[in-house]
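The values are calculated or read from the model by the stated rules, or taken from the named source; none is laboratory data. The model shown is predicted, which means the values in this text are computed figures rather than measured ones. Ideal geometry is used to build each Cβ from the backbone, glycine not excepted, and the neighbour counts take in all protein chains shown. Quick note on the areas: whole protein, heavy atoms, side chains included, nothing else; ligands and nucleic acids left out. Shrake-Rupley method; radii C 1.70, N 1.55, O 1.52, S 1.80 Å.
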Amino acid sequence: MNGADGTPAISLWRDRRFTRFWAGNSVSQFGDRITELALPLIAVGALNASANQVAWLTALIWTPNLLAILLGAWVDQQARKRRLMILADLVRAAVLLSLPAAYLLGAVTLTQLYAVALLTGAAGVLFNTAYPPFFVRLVPRASYVDANSKLSASRSVSYVAGPAIGGVLVQALTAPVAIVADALTFLASAVLISRVPVDEPPKGATGTAGPSLVRRAREGLAFVGGHPVLRGTLGCAATVNFFTFVAGSGLIVLFASRSLGLSAGTIGVALGLGATGALLGAVCAPSISRRLGVGRSIVAGAVLFPAPIAIAAAAGGPPWLSAGALAAAEFLSGFGVMMFDVNLNSLQASVIPDRMRSRVAGAYSTINYGIRPVGAVAGGLLATLVGLRPTLLIAAVGGALSVLWLLPSPIPRIRSLDPDTLADVVGDAGDDKRPLRQ
(Lines give C-alpha, C1' and ligand atoms only; values in the text may rest on other atoms or scores of the structure.)
Protein backbone atom coordinates (compact mmCIF):
# COMPACT_ATOMS: atom_id res chain seq x y z
CA MET A 1 0.00 0.00 0.00
CA ASN A 2 1.28 3.46 -0.86
CA GLY A 3 0.87 6.59 1.21
CA ALA A 4 -0.70 9.82 0.08
CA ASP A 5 2.68 10.98 -1.14
CA GLY A 6 3.00 8.01 -3.47
CA THR A 7 5.75 6.28 -1.46
CA PRO A 8 5.40 2.93 0.30
CA ALA A 9 3.72 3.38 3.68
CA ILE A 10 4.68 1.17 6.60
CA SER A 11 1.99 -0.59 8.59
CA LEU A 12 1.32 1.62 11.59
CA TRP A 13 -0.01 -1.38 13.51
CA ARG A 14 3.61 -2.61 13.58
CA ASP A 15 4.86 0.71 14.91
CA ARG A 16 4.83 0.37 18.71
CA ARG A 17 5.31 4.12 19.18
CA PHE A 18 2.21 4.93 17.17
CA THR A 19 0.08 2.17 18.68
CA ARG A 20 0.89 3.42 22.18
CA PHE A 21 -0.14 6.94 21.28
CA TRP A 22 -3.23 5.70 19.43
CA ALA A 23 -4.25 3.61 22.45
CA GLY A 24 -3.91 6.57 24.83
CA ASN A 25 -5.81 8.86 22.48
CA SER A 26 -8.59 6.30 21.98
CA VAL A 27 -9.06 5.71 25.70
CA SER A 28 -9.22 9.44 26.46
CA GLN A 29 -11.79 9.94 23.67
CA PHE A 30 -14.13 7.49 25.42
CA GLY A 31 -13.51 9.31 28.70
CA ASP A 32 -14.47 12.61 27.08
CA ARG A 33 -17.84 11.19 26.05
CA ILE A 34 -18.49 10.28 29.70
CA THR A 35 -17.69 13.79 30.92
CA GLU A 36 -19.76 15.43 28.17
CA LEU A 37 -22.73 13.58 29.63
CA ALA A 38 -21.82 13.72 33.31
CA LEU A 39 -20.82 17.37 33.67
CA PRO A 40 -24.19 18.88 32.67
CA LEU A 41 -25.96 16.16 34.67
CA ILE A 42 -24.12 17.30 37.80
CA ALA A 43 -25.18 20.88 37.08
CA VAL A 44 -28.82 19.91 36.52
CA GLY A 45 -29.23 17.06 38.99
CA ALA A 46 -27.06 18.06 41.94
CA LEU A 47 -27.19 21.84 41.62
CA ASN A 48 -30.55 22.45 39.89
CA ALA A 49 -28.87 24.64 37.27
CA SER A 50 -30.93 26.56 34.73
CA ALA A 51 -30.64 26.12 30.95
CA ASN A 52 -28.63 29.35 30.76
CA GLN A 53 -26.19 28.13 33.42
CA VAL A 54 -25.73 24.85 31.58
CA ALA A 55 -25.10 26.81 28.36
CA TRP A 56 -22.38 28.80 30.12
CA LEU A 57 -20.80 25.53 31.23
CA THR A 58 -20.46 24.50 27.58
CA ALA A 59 -19.23 27.94 26.54
CA LEU A 60 -16.45 27.95 29.15
CA ILE A 61 -15.01 24.74 27.75
CA TRP A 62 -14.50 26.50 24.38
CA THR A 63 -13.46 29.90 25.78
CA PRO A 64 -9.71 29.12 26.18
CA ASN A 65 -9.49 28.63 22.42
CA LEU A 66 -9.78 32.40 22.04
CA LEU A 67 -6.26 32.63 23.49
CA ALA A 68 -4.93 29.66 21.53
CA ILE A 69 -3.07 31.93 19.11
CA LEU A 70 -0.93 33.24 21.99
CA LEU A 71 -0.50 29.83 23.59
CA GLY A 72 0.54 28.37 20.25
CA ALA A 73 3.20 31.06 19.88
CA TRP A 74 4.55 30.14 23.33
CA VAL A 75 4.45 26.39 22.64
CA ASP A 76 6.43 26.86 19.41
CA GLN A 77 9.31 28.19 21.53
CA GLN A 78 9.38 25.11 23.74
CA ALA A 79 11.63 22.25 22.67
CA ARG A 80 9.84 19.38 24.43
CA LYS A 81 6.33 19.20 23.03
CA ARG A 82 5.72 15.71 24.40
CA ARG A 83 6.20 16.94 27.95
CA LEU A 84 3.60 19.63 27.39
CA MET A 85 1.12 17.02 26.16
CA ILE A 86 1.78 14.87 29.23
CA LEU A 87 1.37 17.93 31.47
CA ALA A 88 -1.95 18.74 29.79
CA ASP A 89 -3.22 15.21 30.44
CA LEU A 90 -2.14 15.30 34.08
CA VAL A 91 -3.78 18.69 34.64
CA ARG A 92 -7.06 17.46 33.16
CA ALA A 93 -6.96 14.34 35.33
CA ALA A 94 -6.31 16.32 38.52
CA VAL A 95 -9.00 18.91 37.76
CA LEU A 96 -11.60 16.25 37.01
CA LEU A 97 -10.76 14.30 40.18
CA SER A 98 -11.61 17.39 42.22
CA LEU A 99 -15.30 16.86 41.35
CA PRO A 100 -15.85 13.41 42.91
CA ALA A 101 -13.74 14.50 45.87
CA ALA A 102 -15.97 17.54 46.43
CA TYR A 103 -19.06 15.42 45.85
CA LEU A 104 -18.07 12.96 48.57
CA LEU A 105 -17.60 15.94 50.92
CA GLY A 106 -20.94 17.43 49.85
CA ALA A 107 -19.18 20.56 48.60
CA VAL A 108 -19.82 20.61 44.82
CA THR A 109 -20.72 24.09 43.60
CA LEU A 110 -21.56 25.65 40.25
CA THR A 111 -18.43 27.79 40.57
CA GLN A 112 -16.33 24.63 40.79
CA LEU A 113 -18.04 23.22 37.70
CA TYR A 114 -17.25 26.41 35.80
CA ALA A 115 -13.63 26.24 36.95
CA VAL A 116 -13.37 22.59 35.88
CA ALA A 117 -14.80 23.44 32.45
CA LEU A 118 -12.41 26.37 32.00
CA LEU A 119 -9.28 24.55 33.19
CA THR A 120 -9.92 21.36 31.24
CA GLY A 121 -10.60 23.49 28.17
CA ALA A 122 -7.31 25.36 28.67
CA ALA A 123 -5.37 22.11 29.13
CA GLY A 124 -7.01 20.80 25.97
CA VAL A 125 -5.75 23.83 24.04
CA LEU A 126 -2.23 23.22 25.39
CA PHE A 127 -2.40 19.59 24.26
CA ASN A 128 -3.75 20.50 20.81
CA THR A 129 -1.12 23.17 20.11
CA ALA A 130 1.71 20.84 21.16
CA TYR A 131 0.30 17.93 19.16
CA PRO A 132 1.13 18.92 15.52
CA PRO A 133 4.94 19.00 15.99
CA PHE A 134 4.71 15.76 17.97
CA PHE A 135 2.65 14.11 15.21
CA VAL A 136 5.14 14.80 12.39
CA ARG A 137 7.99 13.41 14.50
CA LEU A 138 5.97 10.31 15.32
CA VAL A 139 4.46 9.46 11.91
CA PRO A 140 6.34 9.20 8.58
CA ARG A 141 5.04 11.49 5.85
CA ALA A 142 3.92 8.50 3.78
CA SER A 143 1.58 7.46 6.61
CA TYR A 144 -0.03 10.83 7.44
CA VAL A 145 -3.42 9.98 5.93
CA ASP A 146 -3.41 6.46 7.38
CA ALA A 147 -2.52 7.75 10.85
CA ASN A 148 -5.21 10.44 10.79
CA SER A 149 -7.68 7.84 9.57
CA LYS A 150 -6.96 5.56 12.53
CA LEU A 151 -7.13 8.41 15.05
CA SER A 152 -10.38 9.66 13.54
CA ALA A 153 -11.85 6.15 13.50
CA SER A 154 -11.32 5.70 17.23
CA ARG A 155 -12.89 9.11 17.84
CA SER A 156 -15.87 8.06 15.74
CA VAL A 157 -16.26 4.82 17.69
CA SER A 158 -16.27 6.84 20.91
CA TYR A 159 -19.19 8.90 19.61
CA VAL A 160 -21.10 5.72 18.69
CA ALA A 161 -20.50 3.73 21.88
CA GLY A 162 -19.29 6.37 24.33
CA PRO A 163 -22.66 7.90 25.27
CA ALA A 164 -24.09 4.44 26.01
CA ILE A 165 -21.11 3.54 28.20
CA GLY A 166 -21.32 6.93 29.88
CA GLY A 167 -25.02 6.49 30.52
CA VAL A 168 -24.48 3.13 32.20
CA LEU A 169 -21.67 4.50 34.38
CA VAL A 170 -23.66 7.58 35.37
CA GLN A 171 -26.67 5.46 36.27
CA ALA A 172 -24.61 2.93 38.22
CA LEU A 173 -22.15 5.24 39.94
CA THR A 174 -23.79 8.74 39.78
CA ALA A 175 -22.41 11.48 37.53
CA PRO A 176 -19.64 12.84 39.81
CA VAL A 177 -18.18 9.39 40.48
CA ALA A 178 -18.41 8.44 36.78
CA ILE A 179 -16.07 11.35 36.02
CA VAL A 180 -13.34 9.35 37.76
CA ALA A 181 -13.35 7.16 34.64
CA ASP A 182 -12.47 10.15 32.44
CA ALA A 183 -9.72 11.24 34.83
CA LEU A 184 -8.24 7.74 34.67
CA THR A 185 -8.26 7.86 30.86
CA PHE A 186 -6.16 11.03 30.94
CA LEU A 187 -3.72 9.35 33.35
CA ALA A 188 -3.52 6.39 30.97
CA SER A 189 -2.90 8.73 28.06
CA ALA A 190 -0.11 10.51 29.97
CA VAL A 191 1.57 7.19 30.81
CA LEU A 192 1.36 5.91 27.23
CA ILE A 193 2.64 9.18 25.70
CA SER A 194 5.55 9.16 28.18
CA ARG A 195 6.53 5.80 26.69
CA VAL A 196 6.54 7.12 23.11
CA PRO A 197 10.11 8.16 22.25
CA VAL A 198 10.32 10.92 19.66
CA ASP A 199 13.28 12.76 18.18
CA GLU A 200 12.88 16.22 19.73
CA PRO A 201 15.41 19.06 19.81
CA PRO A 202 17.78 18.98 22.80
CA LYS A 203 16.76 21.04 25.82
CA GLY A 204 17.56 24.70 25.27
CA ALA A 205 17.78 24.34 21.48
CA THR A 206 14.67 26.43 20.91
CA GLY A 207 15.10 28.96 23.65
CA THR A 208 12.86 31.83 24.62
CA ALA A 209 14.80 34.75 23.22
CA GLY A 210 13.59 36.59 20.17
CA PRO A 211 10.38 38.36 19.25
CA SER A 212 7.69 38.94 21.85
CA LEU A 213 4.82 36.51 22.32
CA VAL A 214 2.38 38.87 20.62
CA ARG A 215 4.69 39.36 17.66
CA ARG A 216 5.19 35.61 17.23
CA ALA A 217 1.43 35.12 17.39
CA ARG A 218 0.97 37.83 14.76
CA GLU A 219 3.60 36.16 12.57
CA GLY A 220 1.73 32.87 12.86
CA LEU A 221 -1.54 34.48 11.79
CA ALA A 222 0.21 36.30 8.94
CA PHE A 223 1.77 33.03 7.79
CA VAL A 224 -1.68 31.42 7.60
CA GLY A 225 -3.10 34.41 5.74
CA GLY A 226 -0.25 34.41 3.24
CA HIS A 227 -0.23 30.69 2.47
CA PRO A 228 -2.69 29.72 -0.30
CA VAL A 229 -3.43 26.29 1.19
CA LEU A 230 -3.77 27.37 4.81
CA ARG A 231 -5.76 30.50 3.96
CA GLY A 232 -8.25 28.50 1.90
CA THR A 233 -8.61 25.65 4.40
CA LEU A 234 -9.05 27.97 7.38
CA GLY A 235 -11.69 30.04 5.58
CA CYS A 236 -13.51 26.86 4.57
CA ALA A 237 -13.27 25.20 8.00
CA ALA A 238 -14.38 28.33 9.88
CA THR A 239 -17.33 28.85 7.52
CA VAL A 240 -18.51 25.25 7.68
CA ASN A 241 -18.14 25.22 11.47
CA PHE A 242 -20.16 28.41 11.79
CA PHE A 243 -23.07 26.99 9.81
CA THR A 244 -22.98 23.52 11.33
CA PHE A 245 -23.13 25.16 14.75
CA VAL A 246 -26.04 27.28 13.47
CA ALA A 247 -27.86 23.95 13.13
CA GLY A 248 -26.15 22.42 16.13
CA SER A 249 -27.15 19.10 17.65
CA GLY A 250 -29.41 20.97 20.06
CA LEU A 251 -31.57 22.52 17.33
CA ILE A 252 -31.70 19.26 15.39
CA VAL A 253 -32.88 17.41 18.49
CA LEU A 254 -35.42 20.15 19.19
CA PHE A 255 -36.66 19.98 15.57
CA ALA A 256 -36.91 16.19 15.71
CA SER A 257 -38.84 16.34 18.97
CA ARG A 258 -41.20 19.28 18.41
CA SER A 259 -41.62 19.45 14.65
CA LEU A 260 -41.34 15.76 13.77
CA GLY A 261 -42.89 14.41 16.97
CA LEU A 262 -40.17 11.80 17.57
CA SER A 263 -39.64 10.36 21.04
CA ALA A 264 -36.35 10.77 22.87
CA GLY A 265 -35.59 7.07 22.40
CA THR A 266 -36.23 7.22 18.66
CA ILE A 267 -34.05 10.30 18.28
CA GLY A 268 -31.25 8.61 20.22
CA VAL A 269 -31.39 5.47 18.07
CA ALA A 270 -31.47 7.51 14.85
CA LEU A 271 -28.47 9.62 15.83
CA GLY A 272 -26.60 6.55 17.09
CA LEU A 273 -27.14 4.70 13.82
CA GLY A 274 -26.19 7.81 11.87
CA ALA A 275 -22.96 8.19 13.83
CA THR A 276 -21.65 5.04 12.16
CA GLY A 277 -21.16 7.17 9.03
CA ALA A 278 -18.26 8.94 10.71
CA LEU A 279 -16.62 5.61 11.52
CA LEU A 280 -17.05 4.40 7.94
CA GLY A 281 -15.73 7.72 6.61
CA ALA A 282 -12.62 7.54 8.78
CA VAL A 283 -11.89 3.98 7.65
CA CYS A 284 -12.51 4.72 3.96
CA ALA A 285 -10.70 8.09 3.85
CA PRO A 286 -7.26 6.72 2.84
CA SER A 287 -8.61 4.67 -0.09
CA ILE A 288 -10.83 7.55 -1.25
CA SER A 289 -7.84 9.87 -1.03
CA ARG A 290 -5.80 7.56 -3.24
CA ARG A 291 -8.58 7.44 -5.85
CA LEU A 292 -9.75 11.08 -5.86
CA GLY A 293 -6.62 12.77 -4.62
CA VAL A 294 -6.12 14.57 -1.30
CA GLY A 295 -7.41 17.94 -2.52
CA ARG A 296 -10.56 16.67 -4.20
CA SER A 297 -11.35 14.58 -1.10
CA ILE A 298 -11.20 17.74 0.99
CA VAL A 299 -13.48 19.55 -1.46
CA ALA A 300 -15.99 16.68 -1.48
CA GLY A 301 -15.94 16.49 2.32
CA ALA A 302 -16.52 20.23 2.63
CA VAL A 303 -19.83 19.82 0.79
CA LEU A 304 -20.89 16.43 2.15
CA PHE A 305 -20.36 17.51 5.76
CA PRO A 306 -23.02 20.27 5.97
CA ALA A 307 -25.31 19.56 2.98
CA PRO A 308 -27.14 16.55 4.53
CA ILE A 309 -28.60 18.85 7.18
CA ALA A 310 -31.12 19.65 4.41
CA ILE A 311 -32.28 16.01 4.49
CA ALA A 312 -33.17 16.40 8.18
CA ALA A 313 -34.84 19.74 7.46
CA ALA A 314 -37.00 18.16 4.73
CA ALA A 315 -38.09 15.26 6.94
CA GLY A 316 -41.76 14.63 7.54
CA GLY A 317 -44.45 11.98 7.31
CA PRO A 318 -44.71 8.91 9.55
CA PRO A 319 -42.23 8.60 12.46
CA TRP A 320 -40.24 5.80 10.81
CA LEU A 321 -39.65 7.98 7.74
CA SER A 322 -38.67 11.02 9.80
CA ALA A 323 -36.32 8.94 11.92
CA GLY A 324 -34.81 7.45 8.76
CA ALA A 325 -34.19 10.92 7.32
CA LEU A 326 -32.55 12.01 10.56
CA ALA A 327 -30.30 8.92 10.59
CA ALA A 328 -29.43 9.39 6.89
CA ALA A 329 -28.50 13.05 7.45
CA GLU A 330 -26.29 12.13 10.40
CA PHE A 331 -24.69 9.24 8.49
CA LEU A 332 -23.81 11.28 5.40
CA SER A 333 -22.65 14.26 7.43
CA GLY A 334 -20.40 12.04 9.56
CA PHE A 335 -18.93 10.43 6.46
CA GLY A 336 -18.28 13.86 4.95
CA VAL A 337 -16.63 15.36 8.02
CA MET A 338 -14.16 12.46 8.15
CA MET A 339 -13.27 12.84 4.47
CA PHE A 340 -12.68 16.52 5.21
CA ASP A 341 -10.78 16.18 8.50
CA VAL A 342 -8.53 13.21 7.73
CA ASN A 343 -7.24 14.67 4.46
CA LEU A 344 -7.12 18.26 5.69
CA ASN A 345 -5.10 17.36 8.79
CA SER A 346 -2.69 15.36 6.65
CA LEU A 347 -2.28 18.16 4.12
CA GLN A 348 -1.63 20.72 6.84
CA ALA A 349 0.99 18.47 8.43
CA SER A 350 2.74 18.38 5.05
CA VAL A 351 2.81 22.10 4.25
CA ILE A 352 3.46 23.73 7.65
CA PRO A 353 7.16 24.16 8.53
CA ASP A 354 8.33 22.88 11.91
CA ARG A 355 8.92 26.28 13.46
CA MET A 356 5.33 27.38 12.74
CA ARG A 357 3.29 24.28 13.65
CA SER A 358 2.05 25.30 17.09
CA ARG A 359 1.50 28.90 16.04
CA VAL A 360 -0.61 27.77 13.10
CA ALA A 361 -2.53 25.37 15.37
CA GLY A 362 -3.16 28.25 17.77
CA ALA A 363 -4.37 30.57 15.01
CA TYR A 364 -6.64 27.84 13.67
CA SER A 365 -8.10 27.14 17.11
CA THR A 366 -8.75 30.80 17.83
CA ILE A 367 -10.65 31.35 14.58
CA ASN A 368 -12.06 27.90 13.84
CA TYR A 369 -13.21 27.12 17.40
CA GLY A 370 -13.92 30.71 18.34
CA ILE A 371 -16.54 30.92 15.57
CA ARG A 372 -18.50 27.96 16.95
CA PRO A 373 -20.29 29.68 19.84
CA VAL A 374 -21.05 32.59 17.49
CA GLY A 375 -22.73 30.14 15.13
CA ALA A 376 -24.69 28.59 18.00
CA VAL A 377 -25.98 32.01 19.10
CA ALA A 378 -26.87 32.92 15.50
CA GLY A 379 -28.74 29.63 15.17
CA GLY A 380 -30.81 30.38 18.23
CA LEU A 381 -31.72 33.82 16.92
CA LEU A 382 -32.59 32.48 13.46
CA ALA A 383 -34.74 29.72 14.92
CA THR A 384 -36.64 32.33 16.93
CA LEU A 385 -37.11 34.64 13.92
CA VAL A 386 -37.80 32.25 11.04
CA GLY A 387 -38.39 28.84 12.65
CA LEU A 388 -36.46 25.59 13.01
CA ARG A 389 -36.90 24.13 9.50
CA PRO A 390 -35.72 27.28 7.62
CA THR A 391 -32.78 27.62 10.03
CA LEU A 392 -31.63 24.09 9.25
CA LEU A 393 -31.92 24.77 5.51
CA ILE A 394 -29.87 27.97 5.89
CA ALA A 395 -27.21 25.98 7.76
CA ALA A 396 -27.09 23.33 5.01
CA VAL A 397 -26.79 25.82 2.14
CA GLY A 398 -24.40 28.18 3.94
CA GLY A 399 -22.18 25.31 5.05
CA ALA A 400 -22.00 23.81 1.56
CA LEU A 401 -20.99 27.22 0.15
CA SER A 402 -17.84 27.02 2.31
CA VAL A 403 -16.36 25.12 -0.65
CA LEU A 404 -16.01 28.49 -2.40
CA TRP A 405 -12.94 29.11 -0.25
CA LEU A 406 -11.29 26.01 -1.75
CA LEU A 407 -12.11 26.27 -5.45
CA PRO A 408 -9.82 29.26 -6.28
CA SER A 409 -7.00 27.80 -4.18
CA PRO A 410 -4.42 25.17 -5.25
CA ILE A 411 -6.16 22.55 -3.07
CA PRO A 412 -8.35 20.85 -5.75
CA ARG A 413 -5.20 20.22 -7.81
CA ILE A 414 -3.30 18.50 -4.99
CA ARG A 415 -3.35 14.75 -5.61
CA SER A 416 -0.72 13.56 -3.15
CA LEU A 417 1.46 14.76 -0.29
CA ASP A 418 4.70 14.12 -2.14
CA PRO A 419 6.99 17.14 -1.44
CA ASP A 420 7.83 17.66 -5.11
CA THR A 421 4.16 17.45 -6.12
CA LEU A 422 3.18 19.93 -3.42
CA ALA A 423 5.93 22.31 -4.49
CA ASP A 424 4.72 22.20 -8.10
CA VAL A 425 1.11 22.91 -7.13
CA VAL A 426 1.50 25.25 -4.17
CA GLY A 427 4.71 27.00 -5.17
CA ASP A 428 6.93 28.76 -2.66
CA ALA A 429 4.20 30.62 -0.75
CA GLY A 430 5.04 30.57 2.90
CA ASP A 431 8.03 28.29 2.23
CA ASP A 432 10.23 28.10 5.29
CA LYS A 433 13.24 27.00 3.22
CA ARG A 434 14.03 24.47 5.96
CA PRO A 435 13.57 20.70 5.53
CA LEU A 436 10.85 19.06 7.62
CA ARG A 437 12.14 16.52 10.13
CA GLN A 438 10.63 13.11 9.43
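Some points to look at:
- Computed lengthening from L381 to Q53, 0.36 nm per intervening residue step minus Cα-Cα distance: 116.2 nm
- At a probe radius of 1.4 angstrom, the accessible area of the chain per residue rounds to 42 square angstrom.
- For the chain, alpha-carbon Rg relative to the globular expectation (2.2 N^0.38 Å, N residues): 0.97
- Highest mean first, the peptides 377-386, 291-300 sorted by other C-beta atoms within 10 Å per residue fall in the order 291-300, 377-386.
- Sorting the segments 333-342, 101-110, 146-155 by their mean number of nearby beta carbons within 10 angstrom, highest to lowest, gives 333-342, 146-155, 101-110.
- Per residue convex hull volume, Cα atoms of the stretch 125-196, in Å³: 102 Å³
- Rounded to the nearest Hz, the phi-derived 3J(HN,Hα) couplings of the stretch 74-79 under the Karplus curve 6.51 cos²θ - 1.76 cosθ + 1.60 (θ = phi - 60°) are 5, 4, 4, 8, 9, 6, where x marks glycine and proline.
- FRET efficiency, S257 to L280 (Cβ-Cβ, R0 25 Å, nearest 0.05): 0.40
- Rounded Å value of the spacing that divides the Cα centres of the stretch 271-349 and the stretch 67-101: 31 Å
- Charged neighbours of I411, selected by a Cβ distance under 13 Å, balance to +4 (K, R count +1; D, E count -1).
- Efficiency of FRET between L407 and A23 - r from beta-carbon atoms, R0 56 angstrom, step 0.05: 0.90
- Gyration tensor (alpha-carbon) shape descriptor, the stretch 359-427, a/c threshold 1.5: oblate
- Entry note, the chain: the mean residue ellipticity at 222 nm calculated from DSSP H runs of n ≥ 4, each adding -39500 (n - 2.57), is -24000 deg cm²/dmol after division by the residues and rounding to the nearest 500.
- Relative contact order [Cα under 8 Å, 6+ residues apart], the chain, whole percent: 27 percent
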